[in-house]
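Data block below; observations after.
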Amino acid sequence: MSEEQFEDRERVETVRLTHQTGMNVEGDLYALVGGKEFFVKLTKKFYEGVALDPILKPMYPEEDLGPAQERLQLFLEQYWGGPTTYQEQRGHPRLRMRHMPYKINPAARSAWLTHMKAALDAQGLPELYHAQLWAYLDRAATAMLNTMED
């Protein structure tokens, strides 16, 4: 079909994607969602759910979940294009290795995703950004599975 035959050609906006060194084509999600403030709010809301969860709370050695909240916040900030503070403080993420001591079964995965979805939904992001974050979080939760036993 030629451009002349395309009936909606006057309503279609041309999009030109460019790629600059160090940037994703879709943009810097860290900045687009609000930077540090967004990730602080996201992880705070997430750990409010974790604190009350009978499956997840026992996996956190600190009575105060603040250190865990900060680690997740820094990791997510770095993953999405923010500062490299996580790696500077803790080295390579090695997520599977760090989670191996804990029984991460389908029930734990489901509980983690339940609290993370509630936290993400509470942020009021545009649908595209929400979908990008959620797709990663869902894949990451699945990657952490280390047993199928109850």
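Let's see how each residue does on (1) part of a loop (DSSP other than H, G, I, E, B); (2) of a type in the set (A, V, I, L, M):
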residue	(1), (2)
Glu62	yes, no
Leu76	no, yes
Gln87	no, no
Met97	no, yes
Ala107	no, yes
His115	no, no
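Every residue, every condition in (1) over 17 Å from Val50 (Cβ atoms); (2) surrounded by 12 or more Cβ atoms within 10 Å (Cβ to Cβ); (3) modelled with pLDDT of 90 or more, yes or no:
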position	(1), (2), (3)
Thr85	yes, yes, yes
Glu88	yes, no, yes
Arg94	yes, no, yes
Arg98	no, yes, yes
Lys103	no, yes, yes
Pro106	yes, yes, yes
Arg109	no, yes, yes
Thr114	no, yes, yes
Leu120	no, yes, yes
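Among all residues of segment 47-57, there is none that is at pLDDT 95 or above, charged (D, E, K, R), under 16 Å from Glu77 (Cβ atoms) and in contact with a helix residue (DSSP H, G or I) (Cβ under 7 Å, 6 or more places away or on another chain). Taking the conditions (1) within 18 Å of the chain's Cα centre (by Cα); (2) modelled with pLDDT under 80; (3) exposed (fewer than 10 other Cβ atoms within 10 Å of the Cβ) in turn, Thr21 satisfies each one other than (1).
Search segment 92-116 for residues that are in contact (Cβ under 8 Å) with a residue 40 or more places away in the chain and within 15 Å of Pro61 (Cβ to Cβ) and pair each with any residue that is crowded, with 16+ Cβ neighbours inside 10 Å and of a type in the set (Gly, Ala, Ser) when their beta-carbon atoms are under 8 Å apart and the residues are at least 6 apart or on different chains. Taking only residues 6 or more apart or on different chains, the pairs are Tyr102/Ala108. Screening Leu145 against (1) more than 18 Å from Leu42 (Cα to Cα); (2) at pLDDT 95 or above; (3) not in a loop (DSSP other than H, G, I, E, B) leaves a single unmet condition, (3). Residues in segment 122-133 that are surrounded by 13 or more Cβ atoms within 10 Å (Cβ to Cβ), closer than 15 Å to Lys45 by Cα and either free of Cβ contacts under 8 Å to residues at least 24 places away in the same chain or of a type outside the set (S, T, N, Q) (or both): Ala122, Leu125.
The values are calculated or read from the model by the stated rules, or taken from the named source; none is laboratory data. As the structure is a prediction and not an experimental result, all values here were calculated from the model. With ideal geometry, Cβ positions are generated from the backbone for all residues, glycine too; neighbour counts draw on all protein chains shown.
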